[in-house]
1. Quick check: anything in the range 116-135 under 26 Å from residue 413 (Cβ atoms), acidic (Asp, Glu) and outside any helix (DSSP H, G or I)?
2. What's the number of the condition residue 169 fails, among (1) hydrophobic (A, V, I, L, M, F, W, C); (2) surrounded by fewer than 22 Cβ atoms within 10 Å (Cβ to Cβ); (3) not in a helix (DSSP H, G or I)?
3. Give, as residue ranges, the helices (runs of 4 or more DSSP H) completely inside the range 425-474 that count at least 3 residues that are closer than 18 Å to residue 525 by Cα and under 16 Å from the mean Cα position of the chain (by Cα).
4. Take the residues in the range 341-398 that are on the phi > 0 side of the Ramachandran plot and either without any contact (Cβ under 8 Å) to a residue 12 or more places away in the chain or assigned to a loop (DSSP other than H, G, I, E, B) (or both); name whichever of them is surrounded by the most Cβ atoms within 10 Å (Cβ to Cβ).
5. Looking at this structure, is residue 150 in contact with a helix residue (DSSP H, G or I) (Cβ under 6 Å, 6 or more places away or on another chain), over 26 Å from residue 412 (Cα atoms) and open to solvent by less than 10 Å² (accessible area, probe 1.4 Å)?
6. Within the range 94-112, can you find the residues that are within 17 Å of residue 153 (Cβ to Cβ) and either part of a helix (DSSP H, G or I) or of a type in the set (A, V, I, L, M) (or both)?
7. Residue by residue through the range 35-76, note down the ones that are open to solvent by less than 60 Å² (accessible area, probe 1.4 Å), of a type outside the set (A, V, I, L, M, F, W, C), within 23 Å of residue 495 (Cβ to Cβ) and not in a strand (DSSP E or B).
8. Looking only at the range 517-538, count how many residues are touching an Asp or Glu at 6+ places or on another chain (Cβ under 8 Å) and open to solvent by less than 20 Å² (accessible area, probe 1.4 Å).
Amino acid sequence: MPAIPVGGLVPRAVEDAADIVVRNAKIHTGDARRLEAGALAIRDGVITVVGDDPDVAPVIGPSTVVVDALGRRVVPGLNDAHLHVIRGGLNYVLELRWDGVTSLRRALAMLREQAARTPRGQWVRVVGGWSAEQFAERRLPTPAELNEAAPDTPVFVLHLYQSAILNRAALRAVGYTRDTPDPKGGQIVRGRGGEPNGMLLAAPSALVLYSTLAKAPVLEGEDRATSTRHFLRELNRFGLTSAIDAAGGFQSFPENYATVTELAREGLLTLRIAYHLFPQTPGQELDDLTRWIETVRPGDGDAWLRLNGAGENLTWAAADFENFAEPRPELGSYEGEFEKAVRLLTEHGWGFRLHATYDETIRRDLAVFEKLAAEGLFPAGNRWLFDHAETVSRDSLDRIAALGGSLSVQNRLSFQGEVFTRRYGLGAAAEAPPIRAMLERGLTVAAGTDATRVSSYNPWVALHWLVSGRTVGGSAIRPPQNRVDRATALAMYTTAGAALTGEQDVKGVLRTGCYGDLAVLSEDYFTVPEPEIPSIESLLTVVGGRIVHAAAEYEGMDEELPPVSPGWSPVAHFGGYQASGRTCGAGARQAELLGEVVTESQLHHRWRVERGLADEHHQPFAPCFLL
């Protein structure tokens, strides 16, 4: 569907005509050799020209799609370095998303409306992407509110890794009664007479939450493919063109990977996926890893779907659950089996990623790696990384650098920052994770969300957290010395993610020979006021020269999707992420800025008190000002 030629760019008969040209743009290439450009051309999925309008004019043929960016900012396609995209896709159309909803009142209204259209036998489920801190009410819904909104339809609402709220119909559906024992590491909260009241607590393990959710109905057949395609389009909506799937609990290989595999075979993926394999059964991890090593190898696949290694768990005993409402879990001895797993992977050329929230766990893992390194067996040229690393120490970062490791950080504390601060203090929260210290050591540090069961999949919420240090509730937790500038944050979401999959030579930058993956943004990321970064969306997303998402002036230029199925799906009626709009008005913006200054002053004083640099009870005002 060629666009109308603009500004003297006249189609001509040329053998090397581009498939798509983007012109009249403010292109941030991410390439240090030429950081800014005004136009580019893509042919056969690869960038062939980067320059200005006159440079692309010779490759515009009769069938070239010419996109006038109208002076908008264009960036390399975003790459979420830790996203549960495969699991998320299989469930997307079943889930009511509270991502971006600004009031509990609105959230409950959505739930009530959805319950009314949900057929008997199905559930209403809210599974991640929100925090009580984002609501004006600053609280969770109560079981009574869920019962009132949905008296007969089972409702399951997951809140971070901390808790879930069920209505009476859901308690009946899962069979929880006064006689149901508390699961290991979890609590069924009970009311009068010992009957469950609807609250489930992770204490500290989230297994009780996820095992309960696993009792809900699932999609079957073609609906799985439709759900996944709509989820990928939703990710494309925000400019995502790649993701590294971190596997996770209740994601079994190969059965749960069959949908993306079939979509890749049919050429229907709109997001490049590098995936990991995660042993699901405690006690069986080494057997599973051995079977996989004999079946597939990292790098197998193509530019759209490829195996990237093992993890994010290698052995269940080494996983430190990050329920920040509870104390850090004390792990038993796990080094023996863990060492066997690492040795097996390394000997067979497999890289891996490791879920490790706390420095205590990271230090123990590093000791195993250093033992193998002393034998000359690690890392043996294989890519490996730690995920999360909220409390990693400087000493551990030095050891990671010495062993050639990388890191992947997520904005989990933009959703859990307040609860983390209440448990560990402002000083610890200010450096959770210590991103600047990671970068100063020359480590590859990629960024992502860990969506969908805690954080939202919206990458601009994560980029805002990297730049501002603020939670979705507005708390300024990370001080300026542990924030990054906008260009660095974007690089963490593009080039760094490409490095984790060994694709840094073809992905993450806009230069000739690289993949034609880009996003035309609704607002200029580099100049938009900081509070408005989370409101950015992509108006046109291109992956491999294919237009996979188009909005505003470009509406209708993308590929058509089948209708959402089943028809009662929350996504069919509400969509996914609930955009809340931009802050408007100079007066409101001025008041916001003043509030930010006051908040940062108070946080700075608390930070000084915790380090003994100020007296908590010292009154900084002269007595006359207190009258």
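The values are calculated or read from the model by the stated rules, or taken from the named source; none is laboratory data. Since this is a predicted model, take the numbers as computed values, not measurements. All Cβ positions, even for glycine, are placed from backbone atoms using ideal geometry, and neighbour counts span all protein chains on display. The accessibility values were calculated without ligands, DNA or RNA, using every heavy atom of the protein model including side chains. Shrake-Rupley method; radii C 1.70, N 1.55, O 1.52, S 1.80 Å.
1. If we filter the range 116-135 for residues that are under 26 Å from residue 413 (Cβ atoms), which is where we start, we get 125-135.
Checking the rest, the ones that are also acidic (Asp, Glu) come to 133.
With the extra rule that they be outside any helix (DSSP H, G or I), the set shrinks to none.
Within the range 116-135 (the criterion being under 26 Å from residue 413 (Cβ atoms), acidic (Asp, Glu) and outside any helix (DSSP H, G or I)), the answer is no, since none of the residues qualifies.
2. Residue 169 satisfies every listed condition except (3).
3. Ranges flagged: 459-468.
4. 389
5. Working: in contact with a helix residue (DSSP H, G or I) (Cβ under 6 Å, 6 or more places away or on another chain): yes; over 26 Å from residue 412 (Cα atoms): yes; open to solvent by less than 10 Å² (accessible area, probe 1.4 Å): yes.
Spelling it out, residue 150 is indeed in contact with a helix residue (DSSP H, G or I) (Cβ under 6 Å, 6 or more places away or on another chain), over 26 Å from residue 412 (Cα atoms) and open to solvent by less than 10 Å² (accessible area, probe 1.4 Å).
6. 94, 96, 107, 108, 109, 110, 111, 112
7. Of everything in the range 35-76, those that are open to solvent by less than 60 Å² (accessible area, probe 1.4 Å), of a type outside the set (A, V, I, L, M, F, W, C), within 23 Å of residue 495 (Cβ to Cβ) and not in a strand (DSSP E or B) turn out to be 38, 45, 72.
8. Final tally of qualifying residues: 3.
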